[in-house]
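*Asks:* What follows is a structure written as structure tokens; I'll ask about it next.
Just so you know, all these numbers are worked out from the coordinates, no wet-lab data involved. Note that the structure is predicted; figures quoted are calculated from it, not measured. Positions of Cβ are backbone-derived with ideal geometry, glycine not excepted, and every protein chain shown enters the neighbour counts.
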Amino acid sequence: MKEQLEKLKNQIEEFEIKHNEHVELFRLKFLAKKGDLNDLFEQFKTVPVEMKKELGALLNQVKQKAQQKWEEAQLEHIQNKKQKSQGNTDFTLPAENTFGGSRHPLSIIENEVIEIFKKLGFIYAEGPEIEDDWHNFSALNFPPNHPARDMQDTFFISEDIALRTHTSSVQVRLMENQKPPIRAIMPGRVYRNEAISARANCFFHQIEGIYIDEKVSFADLKQTLFYFIQELFGQDVNVRFRPSYFPFTEPSAEMDISCLLCKGKGCNVCKHTSWLEILGCGMIDPNVLKASGIDPEKYSGFAFGMGIERIAMLKYEVKDLRTYFTNDTRFISQFKGQ
Ligand code: DAH
């Protein structure tokens, strides 16, 4: 029996427990009711008394060894199993960032402009991109042979229908359908037959604004646009008005803002003039009011129109207009805003 015990001891030592199933195999072979150790305990009952002390001690020693090895293996493999089932994840760590998308820079500018005018009581209005001659040209006092009607600038669909060349067409639709006082801001996409380059595209975005009421003056126009520019670009920015010409306004002006980059010192962006052209504006021509059914004797109004791409280029210092339309998310996701 002594020999058997020594042999069992060696077997216990050599038994390799590599994974979970081996733990159970080990228990079945050595420690279970029908295992090798129990067999020896049975045999021990028949051992002569004088040998009981020595063999009993040895038997207990081997049993303890088996027990200990099994317990250690159990601990090791059960812990491993737990860790695997959790995939080593620390659930207290913050969640990984997922890319949630971002608003297009042109939409950010558009929304900022709308918000500023909303504070002044301007409503939001839209009109169709496919427009008739009346709303895009005739009602806006464009003479029949005006160059803007030319095939070079306008995408005609038929003789009378074209893709709108400006958002001023929405003014006409609004004036036809509403009675003064009218205060509205009208953003939208416009189309022109231009060669595509860093500074021009065949479509772009504008925001049109009108204010019509009794006794609206050029002073109201200046103050409204001055407030708007300071809200958009900050209090340091200055404005100036230059006389200009548009068929639908009289008098007409173009508004410049002081250069955002050089702050008046002169740089490449402002072509060393320290001013940047930002929008066109003027008092609505009485002919335009009349064409839309508004009495020019009673009402007057101002209008303005600006390009969203132009504002975005100045605000974000983007040099190539085309980058707004390639929709490369690496470019677009840099801009933050609503
Ligand atoms: N419609 C003009 C353009 O396409 C912009 C503009 C100028 C709009 C003066 C206006 C205005 O309402 O008063 O460039």
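*Asks:* For the stretch 251-338, state which chymotrypsin sites (Phe, Trp or Tyr not before Pro) are in a DSSP loop and have at most 16 other beta carbons lying within 10 Å of their beta carbon.
*Replies:* The qualifying sites are PHE325.
*Asks:* Sticking with this structure for a sec: Between LYS45 and ASN88, what FRET efficiency follows from the Cβ-Cβ distance if R0 is 35 Å, with the result rounded to 0.05?
*Replies:* After rounding to 0.05, the efficiency reads 0.10.
*Asks:* Another question, then. Given points 7 Å out from each Cα along the Cα-Cβ axis, report the ASN111 to LYS33 separation in nanometres with one decimal.
*Replies:* Placing both labels 7 Å beyond Cα along the Cβ direction yields 7.3 nm.
*Asks:* At 0.36 nm per residue, minus the direct Cα-Cα distance, what do GLN235 and GLN338 gain on full extension? Give it in nm, one decimal, please.
*Replies:* Value of the extension gain: 34.9 nm.
*Asks:* Something else about it: For the chain, with only Lys/Arg (+1) and Asp/Glu (-1) charged at the beta-carbon, what is the dipole magnitude about the Cα centre, in debye rounded to 20?
*Replies:* 1520 debye
*Asks:* Under a plain spin-label model, where a point goes 7 Å from the Cα along Cα-to-Cβ, how far apart in nm are GLU3 and ARG189?
*Replies:* About 9.6 nm, to one decimal.
*Asks:* Right, here's the next one. By a straight-distance test (C-alpha under 17 Å), which lysines pair with LYS179 as possible cross-link partners, with residues fewer than eight away in the same chain excluded?
*Replies:* Once the sequence-local lysines are set aside, what remains near LYS179 is LYS215, LYS290, LYS298.
*Asks:* Among ILE257, ILE311, GLN61, whose Cα projects farthest towards the positive end of the dipole of the chain, with charges put on the beta-carbon of Lys, Arg (+1) and Asp, Glu (-1)?
*Replies:* Result: GLN61.
*Asks:* If you check each cysteine of the chain for another cysteine whose beta-carbon is under 4.7 Å away, which ones come up empty?
*Replies:* Cysteines of the chain left without a disulfide-compatible partner: CYS202, CYS281.
*Asks:* Rounded to the nearest 0.05, what FRET efficiency do GLU317 and ASN80 give with R0 = 56 Å and r taken as the Cβ-Cβ distance? Could you check?
*Replies:* Efficiency for this residue pair is about 0.50.
*Asks:* Under a Cβ-Cβ cut-off of 14 Å, what is the net charge of the residues other than GLY282 that fall near it, where Lys and Arg count +1 and Asp and Glu count -1?
*Replies:* Taking every other residue near GLY282 into account, the sum is -3.
*Asks:* At a Förster distance of 51 Å, what's the computed FRET efficiency of THR329 paired with LYS298, Cβ-Cβ distance as r, to 0.05?
*Replies:* FRET efficiency, THR329 to LYS298: 0.45.
*Asks:* For PHE156 and ASN287 in the same chain, what is the full-extension length gain: residue separation times 0.36 nm, less their Cα-Cα distance, in nm?
*Replies:* The PHE156-ASN287 span can extend by a further 44.7 nm.
*Asks:* Taking neighbour Cβ counts within 10 Å as the exposure measure, how do THR165, THR98 sort from fewest upward?
*Replies:* The order, fewest Cβ neighbours first, is THR98, THR165.
*Asks:* Here's a follow-up. Can you compute the charge dipole magnitude of the stretch 2-87 about its Cα centre, using +1 on each Lys and Arg Cβ and -1 on each Asp and Glu Cβ, nothing else charged? Give it in debye, rounded to the nearest 20.
*Replies:* Around 260 debye, computed over the stretch 2-87.
*Asks:* In the chain, with Lys and Arg counted as +1 and Asp and Glu as -1 at Cβ, which of these residues, ASN287, VAL23, TYR245, has the Cα nearest the positive end of the dipole, that is, farthest along it?
*Replies:* Positive-most Cα among the choices belongs to VAL23.
*Asks:* Summing +1 for each Lys or Arg and -1 for each Asp or Glu, what net charge is found among the other residues whose Cβ lies under 12 Å from the Cβ of TYR299?
*Replies:* Here the charged neighbours net out to 0.
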